[in-house]
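K.L.:
I'd like to ask some things about the structure below.
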Amino acid sequence: MPLDLPRPIPILTAPTAAGKSALALRTAEATGAEIISADAFTVYRGLDIGTAKPGPDDLARVPHHLINVADVTEPFDVARFVTLAETAIADVLARGRAPLIVGGTGFYLQALMRGLPLTPPSDPSTRAQVEAELHERGLDDLLAEIAATDPHEAARMERNPRRVVRAVEVHRRTGRYPGSFGRSTPAYTFAPTAFTLPAPAHEARVQTRILEMFQRGWADEAAWLATQVEPERDPRPTVWQALGYREVLAAARGRLDMADAAAQITVATRQYAKRQLTFIRTQLHAPLLSPDEAAAALLDALNR
């Protein structure tokens with residue numbers, strides 16, 4: 001579906017643990033749509049429990065795309081996501097089916113909707129120098145360096161070490177930050193639908209899901225991941241930026257009590273959900289609906 005066609009592709013997004021996967025499954029089954037995942041971590045084979053990846057039953061109910069497309073040892077970034085997502089969209093449309101984009105990774109959705117950043121390629125030597133400074137000076141110091149010249153760019157980093165290193169690297173080479181280079185032209189148009197839950201209900205869902213993940217063997221999954229990718233490198237490897245894995249690994253190694261690990265992950269998840277809501281409002285410009293309102297909006301979009 002090129003840009004000049006009037007019907008945009010629907011996107012469903014919500015904070016983590018709000019229930020978007022279940023809502024997407026019901027909607028896709030009712031309409032014959034296929035789900036294209038927009039999640040930075042369900043792309044990895046082996047990260048099943050801690051990412052709340054759709055299980056075999058869900059995958060059998062509705063075709064899913066961009067699940068289990070990368071090994072934990074290989075890089076995966078937003079450019080690769082957009083390439084794979086646009087290929088999947090074209091495939092679904094060519095078969096006469098409707099694609100439904102589902103996920104909570106905001107910068108993946110933003111790249112689909114607005115195009116990829118046209119930032120210059122990375123320079124290995126400059127990047128290595130900035131990575132060494134991250135280790136020596138710390139994340140807050142590098143963020144303060146960005147904020148001194150561009151507070152908006154510093155906020156856009158969302159305290160992500162990889163993004164901070166990239167921003168400092170580009171600025172030192174060009175005098176500009178990544179956000180100033182513009183974007184490529186998107187291949188499709190999109191219509192985002194976003195929902196959330198009342199805070200008490202969402203908090204309860206977060207706590208329940210974390211306990212279920214522990215019961216299903218999350219500690220073993222984190223221990224396996226540590227055998228594949230060293231977790232202590234700077235900047236932190238992409239797979240180890242997934243919520244909760246570092247705390248769960250500490251618990252698996254006896255360095256942290258399981259209850260304390262669960263409590264820390266709950267706090268981190270709540271903070272991440274707040275950042276997701278801010279991103280949805282300010283970057284995706286999608287009104288926040290109730291789950292029922294979102295379901296009705298998606299059905300309407302897919303049945304047109």
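Bear in mind that the values in this text are calculations on the coordinates, not laboratory data. These figures come from a predicted structure and were not determined experimentally. With ideal geometry, Cβ positions are generated from the backbone for all residues, glycine too; neighbour counts draw on all protein chains shown.
K.L.:
Once label points are set 7 Å from the Cα along Cα→Cβ at both residue 136 and residue 79, what is their separation, rounded to one decimal in nm?
P.N.:
2.9 nm
K.L.:
Same structure again: Please give the length that would be gained between residue 45 and residue 91 if that part of the chain were fully extended, namely 0.36 nm times their separation in residues minus their C-alpha to C-alpha distance (nm, one decimal).
P.N.:
The residue 45-residue 91 span can extend by a further 14.3 nm.
K.L.:
Want the number for residue 69 to residue 158: 0.36 nm per residue separation, take away the alpha-carbon distance, what's left?
P.N.:
So the extension gain works out to 29.5 nm.
K.L.:
To continue, here is another question. For residue 290 and residue 57, compute 0.36 nm times the residue count separating them, minus their Cα-Cα distance, and round to one decimal in nm.
P.N.:
81.2 nm
K.L.:
A further question follows. Exposure proxy check: 131, 212 ranked by fewest other beta carbons within 10 Å?
P.N.:
Fewest-to-most ranking of 131, 212: 212, 131.
K.L.:
Based on the Cβ-Cβ distance of residue 7 and residue 129, what FRET efficiency does E = 1/(1 + (r/R0)^6) give at R0 = 41 Å, to the nearest 0.05?
P.N.:
0.30
K.L.:
First check a/c for the range 124-180, with a ≥ b ≥ c the square roots of the eigenvalues of its C-alpha gyration tensor; if it is under 1.5, answer rounded, and if not, answer prolate when a/b is larger than b/c or oblate otherwise.
P.N.:
In terms of gyration-tensor shape, oblate.
K.L.:
Okay, moving on. In a GNM of the chain with a 10 Å cut-off on Cα contacts, which of 209, 95, 281 has the highest mean-square fluctuation?
P.N.:
So, out of 209, 95, 281, the one fluctuating most is 95.
K.L.:
Sort the chain into rounded, prolate or oblate with this rule: let a ≥ b ≥ c be the square roots of the eigenvalues of the Cα gyration tensor; rounded if a/c is under 1.5, and if a/c is not under 1.5, prolate when a/b is larger than b/c, oblate otherwise.
P.N.:
It comes out oblate by the Cα gyration axes.
K.L.:
Order 156-169, 251-264 from most to least packed using the mean count of other Cβ atoms within 10 Å.
P.N.:
Per-residue mean Cβ counts within 10 Å order the peptides as 156-169, 251-264.
K.L.:
Quick one: if you stick a label point 7 Å off each Cα along the C-beta vector at residue 118 and residue 150, how many nm between them?
P.N.:
In this crude spin-label approximation the distance works out to 1.5 nm.
K.L.:
Would you mind classifying the range 200-273 by shape? Square roots of the alpha carbon gyration tensor eigenvalues, ordered a ≥ b ≥ c; an a/c under 1.5 is rounded, otherwise it is prolate if a/b is larger than b/c and oblate if not.
P.N.:
Note, shape of the range 200-273 comes out prolate.
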